[in-house]
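Accompanying notes for the structure given below.
Any read-out appearing in this document is the output of simple, stated calculations on the displayed coordinates, not a laboratory observation. Given the structure is predicted, the values throughout are model-derived calculations rather than measurements. Counting neighbours? That spans all protein chains shown, and the Cβs are built from the backbone with ideal geometry, glycine included.
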Amino acid sequence: MNRIANAFENGKAFIAFITCGDPDPETTAAAVREAVKAGADLIELGIPFSDPTAEGPVIQEANVRALSGGVTTDKIFGLVRDLRRDVTIPLVFMTYANVVFSYGTEKFLRTCAEIGIDGLILPDVPFEEREEFLPECRKYGVKLISLIAPTSEQRIDMIAKEAEGFLYIVSSLGVTGTRTKITTDLGAIVSRVRKNTSLPCAIGFGISEPAQAKEMGALADGVIVGSAIVKRVAKYGKQAPAEVGAYVKSMKDALRELSE
């Protein structure tokens, strides 16, 4: 059974995004373990790409640092193998179509299955083009996770009906990054999603403070945070794991208040 459903079984899920290899694989591994210890329910592992179109400057810079440090897809597979010695929560890759294509789609997904990756998010692949990856994903039991953006409008019902794993609801137009205010009518989007699927939905893009996590968690089944974590890695470097753990704990504590 795919582990993703487990992430949403104990109250509101906290999903942490970490760029692999920033500043090095050892720090990434330590940051993941600290996030898990602090209560993260699912980890999104970013495989760096030279042209990450959905990312804002914070995660773009993390991609550059990781690639400059010599990280490769094979090294990231090795990192996941190491993590799976003791990390039991769901792990999902977030990357770009070109990374998967250049590695070889079947080889990439076969390896994902072998090392214990539960899902794949490809933000540059429109829903209508997911068939390029879906057969291999299904063959190897890796959930291809769909995104719903504020611009999805008439496509929301269709995307929700055919979704797998969980639905990633993008809170705002534009690229990733922290935001002081999220103005999208997310309640309406979540409501439409729930009419079309029983899968959990999590809101990402722009969430950085415990109060925002609580606000978004009240609407959805979980929240996704990336840039705020990556900022801490950029600031603290090899000392970042403890900072990441403390931050994840503060966010997860805010979500736990919704279940009390």
### Query
PHE101 to SER50: extension gain in nm, 0.36 nm per residue of separation minus the Cα-Cα distance?
16.9 nm
### Potential extension, GLU128-LYS195 segment - 0.36 nm per residue separation minus Cα distance
22.0 nm
### Task
Past 18 Å, Cα to Cα, is the threshold; run LYS12/LYS249; LYS12/LYS37; LYS75/LYS249; LYS107/LYS161; LYS37/LYS249; LYS143/LYS231 against it and keep the listed order.
LYS75/LYS249; LYS107/LYS161; LYS143/LYS231
### Task
Identify which of GLY21, GLY119, GLY78 has the largest mean-square fluctuation in a Gaussian network model of the chain, with springs joining Cα atoms closer than 10 Å.
GLY78
### Task
Let me know the shape class of region 207-260, please: from the alpha-carbon gyration tensor, a ≥ b ≥ c as square roots of the eigenvalues, rounded when a/c is under 1.5, otherwise prolate if a/b is greater than b/c, or oblate.
prolate
### Task
Assuming a ≥ b ≥ c are the square roots of the Cα gyration tensor eigenvalues, decide whether region 1-154 counts as rounded (a/c under 1.5), prolate (otherwise, with a/b larger than b/c) or oblate.
rounded
### Query
Of LYS12, LYS143, LYS235, which has the largest mean-square fluctuation in a 10 Å C-alpha GNM of the chain?
LYS235
### Query
Fully extended, how many nm does the chain gain between ASN6 and ASP86 (0.36 nm per residue separation, minus their Cα-Cα distance)?
27.2 nm
### Query
What trypsin sites (Lys or Arg not before Pro) does region 50-132 have in DSSP loop regions with at most 11 other beta carbons within 10 Å?
ARG85
### Message
Using the basic label-point model (7 angstrom from Cα toward the beta carbon), what is the GLU26 to ALA113 distance in nanometres?
### Response
3.5 nm
### Relative contact order [Cα under 8 Å, 6+ residues apart], region 3-255, whole percent
27 percent
### Query
How large are Rg and Dmax for the chain when only the alpha carbon atoms are used, in Å?
16.6, 47
